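Comments concern the structure below.
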Amino acid sequence: MALFGSAGQAAADVAPGSYTSTTSSSGIVLLQRDARVEGDQLVLIGRYPIHRTATGGYVDLFPGHRVILNSDGHGGYRGPAYFGGAVIGAITLTPHR
């Protein structure tokens, strides 16, 4: 059973640049901080490889914890945050303008 989608999808990029990363759960902001995308890495607390998908990408922050970065159509990204396959919240990357 695939919890996070399958490999081999058409690839899109998460655009390089500076962002504000906002992590929320049940509508409550848990953490907001500066983030960057450099090449194929999300630079947040550490450096995390971005795995490209048809809609943006996903990042495994540590074993069992994955965030999905779907393009929001306005230069940013948003998606669910998973832990152990269950949705535990959401993440948004809002570009610095």
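The values are calculated or read from the model by the stated rules, or taken from the named source; none is laboratory data. Predicted model only: the values in this text are computed from it and were never measured. Note that each Cβ is placed from the backbone with ideal geometry, even for glycine, and that neighbours are counted across all protein chains shown. The accessibility values were calculated without ligands, DNA or RNA, using every heavy atom of the protein model including side chains. Shrake-Rupley method; radii C 1.70, N 1.55, O 1.52, S 1.80 Å.
What single numbered condition from (1) in contact with a Leu (Cβ under 6 Å, 6 or more places away or on another chain); (2) modelled with pLDDT under 95 fails to hold for Ile50? Unmet condition: (2). Of all the residues that make up region 51-65, how many are over 8 Å from the mean Cα position of the chain (by Cα) and either in a strand (DSSP E or B) or among the β-branched types (Val, Ile, Thr) (or both)? So the count comes out to 9. When Arg66, Arg47, Arg52 are checked against the criterion of being touching a residue at least 24 places away in the same chain (Cβ under 8 Å) and touching a strand residue (DSSP E or B) at 6+ places or on another chain (Cβ under 8 Å), a single residue qualifies: Arg66. When region 57-84 is filtered for residues that are among the small types (Gly, Ala, Ser) and touching a Lys or Arg at 6+ places or on another chain (Cβ under 9 Å), the ones remaining, listed by number, are Ser71, Gly75, Ala81. Scanning region 80-91 for residues that are under 11 Å from the mean Cα position of the chain (by Cα) and open to solvent by less than 30 Å² (accessible area, probe 1.4 Å) yields Ala81, Ile91.
When region 69-79 is limited to residues that are open to solvent by 60 Å² or more (accessible area, probe 1.4 Å) and touching a strand residue (DSSP E or B) at 6+ places or on another chain (Cβ under 7 Å), the one that is nearest to Thr92 (Cα to Cα) turns out to be Arg78.
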